[in-house]
Amino acid sequence: MKNLPANFLAIFAIIFAATLLAGCSSTTTASGAPRGQNPPAQPPAMIGHIVIIQLHDSSDYFELLNDADWMLGTIPSVATYAAGKHLDTGRSTVTANYDLAIYLGFNSEQDLQSYVADDQRIRFVQKWEPRLNSLVVYDMIDWPTTRYGIRN
């Protein structure tokens with residue numbers, strides 16, 4: 001290589017690098033989605049526990065939100081947590097007759113059962129139940145993630 005011109009080494013390096021980069025290129029992403037398309041969003045948790053609350057007195061909202069954050073969102077078996085009021089997007093198909101929606105995610109049914117039995121959740125319910133006009137709870141399993149092996 002000592003006798004080769006400097007230009008040859010530079011050209012060789014460029015061709016070598018281009019070959020490596022071309023080998024890394026593919027028509028799909030690591031997730032299997034076609035290039036140029038976003039892969040599906042990652043699921044927040046296998047089990048979703050959705051709580052829809054309507055208060056007798058809507059001025060209690062910030063106290064309720066604070067209690068939900070600190071009494072429910074900090075329970076050890078809760079994997080993901082979000083809470084907030086209705087977002088008015090102007091769509092008539094979106095239900096708006098509630099004060100607070102709470103989403104809690106769990107990685108297993110056992111985690112959900114631990115949450116239900118947790119003293120903090122029980123104290124939250126005891127404190128707020130008399131102040132609620134309505135309470136609706138939905139439990140759901142993110143079935144595709146379990147069916148297709150995306151999550152164990």
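Every number here is computed from the coordinates shown, using simple stated rules; none is lab data. Only a predicted model underlies this, so the values are computations on that prediction, with no experimental measurement involved. Neighbour counts run over all protein chains shown; Cβ positions are idealised from the backbone, glycine included.
Points to keep in mind about this one:
- Prolate/oblate/rounded label for the stretch 43-152 (Cα gyration tensor, a/c 1.5): oblate
- Here the Karplus relation 6.51 cos²θ - 1.76 cosθ + 1.60, evaluated at θ = phi - 60°, turns the backbone of the stretch 102-115 into coupling constants of 10, 10, 10, x, 10, 8, 7, 5, 4, 5, 4, 5, 5, 4 Hz, with x for every Gly and Pro.
- Which of ARG121, ARG91 has the fewest Cβ neighbours within 10 Å, and the rest in rising order: ARG91, ARG121
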